[in-house]
Amino acid sequence: TDGLDTMSSVHLHIDGSLAELYLDNPAKLNCFTVAMLDQLARHLDTLEGLREVACVLVIGEGEKAFCTGADINGWGDLSPAEFARNWVRGGHRIFDRLAQLSKPTIAVLNGHAFGGGLELAAACDIRVMAPQATLALPETGVGIVPGWSGTQRLARLIPEPVLKEMALFGRRIGADRALSCGFVAEVAADPRAAALAIAE
């Protein structure tokens with residue numbers, strides 16, 4: 001946990017040419033804390049310097065969720081200026097860093113990907129999804145807009161009418177629809193195994 005947070009963290013595991021980044025906050029459906037964002041940023045810097053790593057998997061711990069976005073309790077006490085500067089801008093910078101990583105990245109959508117979790121998946125090069133998982137942008141329900149590039153990067157990956165359904169209505173889409181619109185490369189009962197096959 002790098003001493004930042006004993007309850008939530010992002011772990012980096014390296015096995016030869018394969019690296020795996022695990023979001024480990026299953027009690028809160030792997031939602032991002034400030035500490036987890038900081039850890040992800042440091043791990044990305046580490047990975048960029050490892051020439052032997054050829055592919056990176058991004059995975060959520062547990063079976064319920066890949067990542068359900070930001071931990072609202074982590075930014076609820078911030079002033080608007082602090083929220084914009086530290087949380088929104090910092091998340092943008094870190095997700096851009098992931099998108100620009102020189103190694104191919106695969107998001108393993110073992111469970112639901114909501115809000116910032118969907119934006120995290122969009123920052124990866126390839127996505128593999130479990131059949132029971134769903135995708136959503138629920139920010140409209142709390143009166144905000146997607147804050148970590150959801151209205152930009154996702155617009156290049158999901159057809160505009162589908163994205164508008166998600167962003168304006170908060171509507172979830174399932175694995176079959178995500179596959180049919182090209183957002184995910186594969187739907188698999190064991191998405192990690194499918195991702196490992198792609199990585200190989």
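The values are calculated or read from the model by the stated rules, or taken from the named source; none is laboratory data. If you're wondering where the values come from, they're calculated on a predicted model, not measured in any experiment. Neighbour counts are summed over all protein chains in view; Cβ atoms, including those assigned to glycine, are modelled from backbone coordinates with ideal geometry. Quick note on the areas: whole protein, heavy atoms, side chains included, nothing else; ligands and nucleic acids left out. Shrake-Rupley method; radii C 1.70, N 1.55, O 1.52, S 1.80 Å.
Quick notes on this structure:
- Taken over the range 20-39, the criterion of being closer than 18 Å to L57 by Cβ and part of a helix (DSSP H, G or I) is satisfied by P26, M36, Q39.
- So L57, is it closer than 21 Å to F114 by Cβ, touching a residue at least 60 places away in the same chain (Cβ under 8 Å) and open to solvent by 10 Å² or more (accessible area, probe 1.4 Å): no
- Condition check for L137: farther than 23 Å from N110 by Cα, at pLDDT 85 or above and touching a helix residue (DSSP H, G or I) at 6+ places or on another chain (Cβ under 8 Å): no
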